[in-house]
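Everything on this sheet refers to the single structure shown next.
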Amino acid sequence: MAVRPVRYKERVFRVAYEAIRPEKEKTLVILHGWGSNKALMRRAFGEAFDDYALLYVDLPGFGASENSDVLSTRDYAEIVARLLQALGRKADAAAGHSFGGKVATLLRPDRLILLSSAGIVLPKPLGVRVKIALFKALKPFGGGRLRRFFASKDASDMPPNMYETFKKVVDEDFSEIFAAYDKPALLCWGEADTATPPIAGRRIAALMPRAKFRLFEGDHYFFLSRPDPVIREMEAFLHETV
């Protein structure tokens with residue numbers, strides 16, 4: 001693992017990353033989802049994709065990358081872009097899981113791989129809507145102290161700045177951003193995913209003019225439980241002639 005200082009908005013972010021085969025000319029950036037880290041993505045994909053240098057990144061506030069600010073998804077993308085610039089690399093390809101899929105899309109790589117990406121807003125289940133309404137009603141009476149009882153499992157026990165970041169990014173509608181991505185894209189989804197259901201993936205695929213949608217057995221982390229078929233699909237996509 002290495003750590004690189006990245007200057008952004010008059011702050012310095014120390015971004016942790018791991019580079020595999022840095023001698024390769026082309027770079028595949030691999031980004032994790034919310035509440036995760038580069039180690040999880042490394043466990044899934046290891047040293048696959050032989051033609052590429054692999055760059056596993058801990059996004060600020062996760063893994064070994066610290067963060068004390070409230071960031072937007074665009075902030076995260078700009079920090080990753082500046083990390084690449086500092087390393088003398090470009091995002092020839094990018095793969096992102098869940099929240100990392102939105103960040104990867106904003107990088108506008110030559111080839112994009114989305115793994116159960118966030119970015120499509122779907123109606124919340126009734127239980128979640130009731131929970132949100134109850135929290136808002138109690139907030140004037142100390143709801144801030146009750147946050148851990150109401151926050152989703154992705155948001156529980158977060159530092160205040162990361163909770164505010166989570167609130168800022170969780171319900172973003174990326175429809176226009178997905179539609180503006182006109183390069184080759186591969187969308188891989190778990191058929192039993194309830195966090196970002198397959199219907200969200202199909203909507204993204206319909207928005208992107210050059211997207212392929214593939215379903216795999218498994219849930220939101222389908223690529224961890226059965227990585228081999230996912231890697232084969234990704235390999236084929238990365239080797240396609242444009």
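Summary of computed values
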| read-out | value |
| --- | --- |
| Some residue of the range 71-89 being on the phi < 0 side of the Ramachandran plot, assigned to a loop (DSSP other than H, G, I, E, B) and polar (S, T, N, Q) | yes |
| Residue that is in contact (Cβ under 8 Å) with a residue 24 or more places away in the chain, assigned by TED's automatic domain parsing to the domain that holds MET234 and under 22 Å from ARG226 (Cα atoms), where the choices are LYS26, LYS38 | LYS38 |
| Residue, nearest to the chain's Cα centre (by Cα), within the range 79-88, restricted to residues that are surrounded by fewer than 19 Cβ atoms within 10 Å (Cβ to Cβ) and within 13 Å of VAL57 (Cβ to Cβ) | ARG82 |
| Extreme residue, farthest from GLY101 (Cα to Cα), among residues of the range 208-230 that are in contact with an Asp or Glu (Cβ under 9 Å, 6 or more places away or on another chain), in a helix (DSSP H, G or I) and not small (Gly, Ala, Ser) | PRO229 |
| Residue check, PRO60 buried (at least 22 other Cβ atoms within 10 Å of the Cβ) and part of a loop (DSSP other than H, G, I, E, B) | yes |
| Per-region count, the range 173-208, residues closer than 18 Å to ALA94 by Cβ and not small (Gly, Ala, Ser) | 15 |
| Enumeration of residues in the range 101-118 that are hydroxyl-bearing (Ser, Thr, Tyr) and either closer than 14 Å to VAL57 by Cβ or more than 8 Å from the chain's Cα centre (by Cα) (or both) | THR105, SER116 |
| Contacts under 7 angstrom Cβ, first residue in the range 193-219 being at positive phi, partner modelled with pLDDT of 95 or more, 6 or more apart | GLY218/GLY190; GLY218/ALA192 |
| Residue among PHE149, PHE141 that alone is outside the structural domain of LEU187 (by TED's automatic domain parsing) and at pLDDT below 50 | PHE149 |
| PRO227, sole failed condition from (1) surrounded by 17 or more Cβ atoms within 10 Å (Cβ to Cβ); (2) within 12 Å of SER116 (Cβ to Cβ) | (2) |
| Breaking point among (1) out of contact with any Gly (no Cβ under 9 Å at 6 or more places or on another chain); (2) at pLDDT 95 or above, for GLY35 | (2) |
| Selected residue (only one of GLU176, GLU172 is under 19 Å from SER72 (Cα atoms) and modelled with pLDDT under 95) | GLU172 |
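The values are calculated or read from the model by the stated rules, or taken from the named source; none is laboratory data. A quick note: this is a predicted structure, and the numbers were derived from the prediction, not measured. Backbone-built Cβ (ideal geometry, glycine too); neighbour counts: all protein chains shown.
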